[in-house]
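Here is the structure we will look at.
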Amino acid sequence: MEQKKNTVFDICLKVTSDFEGSTYSTITENFDGQGLSVGILQFNIGQGTLAAYILNQVDVMSYDMFPLPISSLRDKKEAALVWHKDNCCDVYGRLKPEWKKAWQEFLVKPEIINLQKTACGKYFQRAREIAGFLGFSHENKRAMAWAYDLSVQSWSLAINRIEPNFEHAQNIIQSYGSENAVLWANSEMTSDQMSLVIASHLRALKCKPEWRHDFFTRKCTIAMGIGMVHGKKYDFRKLFMES
């Protein structure tokens, strides 16, 4: 049977979720004060996104894999956080194993995966707007992945349309240090890559100084299709070459 090709939407989700270390069944505990974060966009209790995008969209009482009914997680954020802490966590504030297992089972239900994809839709639509503004087709996998990652991280483009310039792009790459310089050395850089490298730099300049290098490295890794981000190597070239 012929393997189904990834859609542009699939590729956008994969690239950003690879950076974020998240899948449809990922569970992150209370390291950031949000109580519990789950799924591909890390929907959480503290900001109300778990309730808004997932729990309010289904009949939670019909899911019996949980040790207790989870309808209380649809309450106001503060009350939901207290309920989660009192019922789902051990004395050290860690998610109890039976609750972790239940969430993992819940998150991969087909209807829950579909809700997660729907929640990603607003970022994909924003990516289409960004890519279009920069002059790229909505079928351009590399440009759409770049724009989707930007929409998830920052939403705002905040730069003007970029013209491709090989020398400018190469100078930018060299200016960010040697870690990726070898991986990014590419005499055959396409005009799309040139534009996205330059856009990565100009958009990084809009970030706080302490975040600029990380922001650029992540975006340039998408632009070039390969790169090192926080010591981990990413290679998206095959994804972008799919026909």
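Here are a few things to note about the model shown:
- Helix-only mean residue ellipticity at 222 nm for the chain, each DSSP H run of n ≥ 4 adding -39500 (n - 2.57), per residue, nearest 500: -16000 deg cm²/dmol
- For the chain, with +1 on Lys and Arg beta carbons and -1 on Asp and Glu, the positive-most of Cys89, Gly132, Ile45 along the dipole: Gly132
- Note on Lys96: aspartates and glutamates with a C-alpha under 12 Å away, same-chain residues under 8 apart excluded, are Glu29, Asp86.
- Against the chain, whose longest principal axis is taken from its Cα atoms, helix 191-204 shows a tilt of about 60°.
- By other beta-carbon atoms within 10 Å, ranking Leu36, Leu239 with the fewest at the front produces Leu239, Leu36.
- Shape call, the range 122-241: gyration tensor on alpha carbons, a/c limit 1.5: rounded
- Annotation: lysines with alpha-carbon distance below 24 angstrom to Lys100 (same-chain offsets under eight excluded): Lys14, Lys76, Lys77, Lys85, Lys109, Lys117.
- Relative contact order, whole percent, for the range 122-241 stands at 22, derived from Cα pairs under 8 Å and 6 or more residues apart.
- Cα gyration tensor, the range 1-64 - rounded (a/c under 1.5), prolate or oblate: oblate
- Cβ crowding within 10 Å averaged over residues, with 196-207, 71-82 ranked highest first: 196-207, 71-82
- Among Leu41, Leu68, the ranking by other beta carbons within 10 Å of each residue's beta carbon, starting with the fewest, stands as Leu68, Leu41.
- Dipole in debye (nearest 20) - the range 90-147, about Cα centre, beta carbon charges: Lys, Arg +1; Asp, Glu -1: 100 debye
- For Cα Rg over 2.2 N^0.38 Å, calculated from these coordinates, the label among (i) 1.33; (ii) 1.14; (iii) 1.05: (ii)
- Among 85-93, 107-115, the order from most to least packed when residues are scored by Cβ within 10 Å on average: 107-115, 85-93
- When peptides 154-166, 122-134 are sorted by average Cβ neighbour count within 10 Å, with the highest value leading, the order is 122-134, 154-166.
- Angle between the chain longest axis and helix 141-153 axis [Cα atoms, degrees, rounded to 10]: 50 degrees
- Rel. contact order, % - alpha carbon contacts under 8 angstrom, at least six apart, the chain: 16 percent
- Principal-axis analysis of the Cα atoms of the chain puts helix 166-175 at an angle of about 60° to the longest axis.
- Between Tyr176, Trp155, Phe215, the Cα set farthest toward the positive side of the dipole of the range 122-241 (charges on each charged residue's Cβ, about the Cα centre) is that of Trp155.
- Options Val60, Leu73, Gly33, ranked by Cα towards positive dipole end of the range 25-107, top entry (Cβ charges): Gly33
- Shape category assigned to the range 53-116 from the gyration tensor of Cα positions, a/c cut at 1.5: oblate
- Cross-link reach is defined here as a Cα-Cα straight distance under 15 Å, omitting same-chain residues fewer than 8 places apart; for Lys122 the aspartates and glutamates meeting it are Asp10, Asp149.
FYI, it's all coordinate maths here, none of it is from the lab. Keep in mind that what you see is a predicted model, and the values were worked out from it rather than measured. Cβ: placed from backbone, ideal geometry, glycine included. Neighbour counts: every protein chain shown.
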